[in-house]
Structures are given as C-alpha cells and as structure tokens.
Amino acid sequence: MGKTSAAREDMLKRIDRVLDRIRPFLQRDEGNIEVVELTPNNELIVRWKGNCSHCDISDYTTRLAIEQLIREHFPQVKSVIGLKA
C-alpha cells in the first residue's frame, strides 16, 4: 500500500469515528450509515442502512447533518453523497 493509499485509509477510519457520534441517533430508529469510499475528487460516499435506506428524509440528512459534520472535521471533503442500500 502506497503512502497516498495509507493516508486515505487512515482518513476513512477517522471519518468513520466521527460518524460514530451520530450513529446512536440513527440506530434508535433501526438505521445506520456506512462509509463506502472517498473518491479522488474528495467526495465522500456513504451508504444508508436499515430504516435509513428507505427514509424519505435521508437525502436531507445527508446534506444538512452528515455533510456539515464531516466538513467541520475534514474541510478537504468537498461533498457527501448518500446511497440507499
């Protein structure tokens, strides 16, 4: 694994730890969120799990809550894209 790959993997782990802050709220409604990928363009792709995967407001949650939280800690992330399972 090259230096760039290792740095990206480390960043993904740190992002996942930040998402741990909101997981209890999602899990209360039998949902969750999973980090899928950080693209070369610094777009974070996440996947909604459980009840979140078919929730009507998950797109809104992605933009307003998740993206704001991630960009607070990782300003280099340009956007967050939420996929439904």
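Taken together, the values in this text are just the output of simple stated rules run on the coordinates, not laboratory data. Everything numeric here is computed off the predicted structure, so don't read it as measured data. When we count neighbours, we look across all protein chains shown, and the Cβ atoms used for this are built from the backbone with ideal geometry, even at glycine.
Under the convention that each Lys and Arg Cβ holds +1 and each Asp and Glu Cβ holds -1, the size of the dipole of the chain around its Cα centre is about 220 debye. Here, the chain yields an orientationally averaged convex hull projection of 5.3 nm² when only Cα atoms define the hull. Working note: Karplus 6.51/-1.76/1.60 with θ = phi - 60° gives region 8-17 the couplings 5, 4, 4, 5, 4, 5, 5, 4, 4, 5 Hz, where Gly and Pro are set to x.
Placing unit charges on each Cβ (+1 for Lys and Arg, -1 for Asp and Glu) gives region 3-84 a dipole about its Cα centre, and among L64, N51, Q76 the Cα reaching farthest toward its positive end belongs to Q76.
In percent, how large is the relative contact order of the chain, given Cα pairs closer than 8 Å and 6 or more residues apart?
Answer for the chain is 28 percent.
Between amide H atoms placed 1.01 Å from N, distances below 5 Å from L83 occur with V46, R47, W48, all of them 5 or more places distant or on a separate chain.
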